[in-house]
Amino acid sequence: DAGVIQSPRHEVTEMGQEVTLRCKPISGHNSLFWYRQTMMRGLELLIYFNNNVPIDDSGMPEDRFSAKMPNASFSTLKIQPSEPRDSAVYFCASSLASREETQYFGPGTRLLVL
Amino acid sequence: SQKIEQNSEALNIQEGKTATLTCNYTNYSPAYLQWYRQDPGRGPVFLLLIRENEKEKRKERLKVTFDTTLKQSLFHITASQPADSATYLCALGGNTPLVFGKGTRLSVIA
C-alpha cells in the first residue's frame, strides 16, 4: 500500500497567490482529515470529511481556506489569497470511520508564503 | 475548552534508561487516548491506543498508562535507544475527532 499521498511536498509562493494542496487517501478509508502544524500551535485540525462529505470545518481559520473532496480518492485544500502567516506544514490523514480511528498521515506539504 | 499538555517540549535521556513522557488534559472526557511518533520531515505514525477502561497497555518496549481520575497518560520507553529519538504526540479521542497535544521531543544520547 502506498499510504497517504500528498503533493506538492514543498511549496514556496508569494503573498496573495492561490495555493492548492492535494491529497490521495489510503484506498478503502472513508474519513479524511486536513491538519496544519506549526511550532507555536502544534497540530491543528482544519476540516474532516466522512464519505466525501465535510463534517466539521470549524478549524478552518478564515474564508480564505476551502477544502473539497470530489470523490473517495482525492481531496484538495485551497488557500486564496495566501498570507505569510499561512506558512506551516499541512498534513492530510485518512482513517476507517470507526469509533477508535487510527489516523494514517501523509508526508505533509511544507508551505512558505513570502 | 479542551486543553492537552505534554510535560515538556524536550526530554534528553541516556541510552538504556527508561524514558517517561506525560500527557495531561483538562475539560475533556476522552473515550480513548492514542500515542503517535513523528520524525523530522514526516507525518505522525500511530503507536498505541488505550481505552478509558484500561489501565495499562504494552507493545514491545512501549508501555502506556491511562488514569482518568488524574486525567493523565504516561508513555514509557524502556531500554531506550538512539533510534527512539523523535517527537511523541498524545491524542485524545471520543465523540469528536482526535485532539493532539503539541508533543515532546525525545533525544536518546548514546
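Please treat every number below as a calculation from the coordinates, not as lab data. Quick caveat, the model's predicted, so the values are computed rather than measured. Neighbour counts are summed over all protein chains in view; Cβ atoms, including those assigned to glycine, are modelled from backbone coordinates with ideal geometry.
Can you list residues from other chains, or at least 5 along the same chain, whose modelled amide H is less than 5 Å from the amide H of B:TYR25?
Excluding prolines and chain starts, which carry no amide H, the hits are B:GLU5.
Can you spot the lysines whose alpha carbon is less than 29 Å from A:LYS24's alpha carbon? Ignore those fewer than 8 places along the same chain.
A:LYS68, A:LYS78, B:LYS102
For segment A:27-114, which GluC sites (Glu not before Pro) are both in a DSSP coil and crowded by at most 10 other Cβ atoms within 10 Å?
Passing sites in segment A:27-114 are A:GLU62.
Of A:TYR35, A:ALA72, A:ALA2, which is farthest along the charge dipole of chain A in the positive direction, counting Lys and Arg as +1 and Asp and Glu as -1 at C-beta?
Projecting each Cα onto the dipole axis, the largest value belongs to A:ALA2.
Calculate the length of the line joining the C-alpha centroid of segment B:68-85 to that of segment A:19-89, in whole Å.
30
Over segment B:1-97, calculate the relative contact order: mean separation of alpha carbon pairs under 8 Å at least 6 apart, over the residue count, as a percent.
Once normalised by length, the contact order is 34 percent.
Under a point-charge model restricted to the Cβ atoms of Lys and Arg (+1) and Asp and Glu (-1), what is the dipole moment magnitude of the protein assembly as shown relative to its Cα centre, in debye to the nearest 20?
Charge dipole of the protein assembly as shown: 420 debye, to the nearest 20.
Would you list A:HIS29, A:HIS10 from fewest to most Cβ contacts within 10 Å?
Listed from fewest to most nearby Cβ atoms, that is A:HIS10, A:HIS29.
Could you line up B:THR69, B:THR104 from fewest to most neighbouring Cβ atoms inside 10 Å? All intermediate terms of the calculation are to be shown ahead of the outcome.
Working: B:THR69 5, B:THR104 21.
In order of increasing Cβ crowding within 10 Å: B:THR69, B:THR104.
Only Cα pairs within less than 10 Å get springs; with that Gaussian network setup on chain B, which residue of B:VAL99, B:VAL64, B:VAL45 has the largest fluctuation?
In the Gaussian network model the winner is B:VAL45.
Show the residues, 5+ positions off or on another chain, whose built amide H is closer than 5 Å to the amide H of A:ILE55.
Amide H neighbours of A:ILE55, under 5 Å, 5+ apart: A:TYR48, A:PHE49, A:ASN50.
Counting other beta carbons within 10 Å of each residue's own, what order do A:VAL89, A:VAL19 fall into, fewest first? Display every interim value, and only then the final one.
Values: A:VAL89 18, A:VAL19 21.
Ranked by crowding around the Cβ, least crowded first: A:VAL89, A:VAL19.
What residue among A:GLY59, A:GLY42, A:GLY16 has the largest mean-square fluctuation in a Gaussian network model of chain A, using Cα springs under 10 Å?
Answer for the Gaussian network model of chain A: A:GLY42.
Quick one: which residues, 5+ away or cross-chain, put their amide H under 5 Å from the amide H of A:ILE5? H built at 1.01 Å from N.
Under 5 Å from the amide H of A:ILE5 lie the amide H atoms of A:LYS24, each far enough along the sequence or on another chain.
Where is the GNM fluctuation largest for chain B (alpha-carbon springs, 10 angstrom cutoff): B:LEU48, B:LEU11, B:LEU70?
B:LEU70
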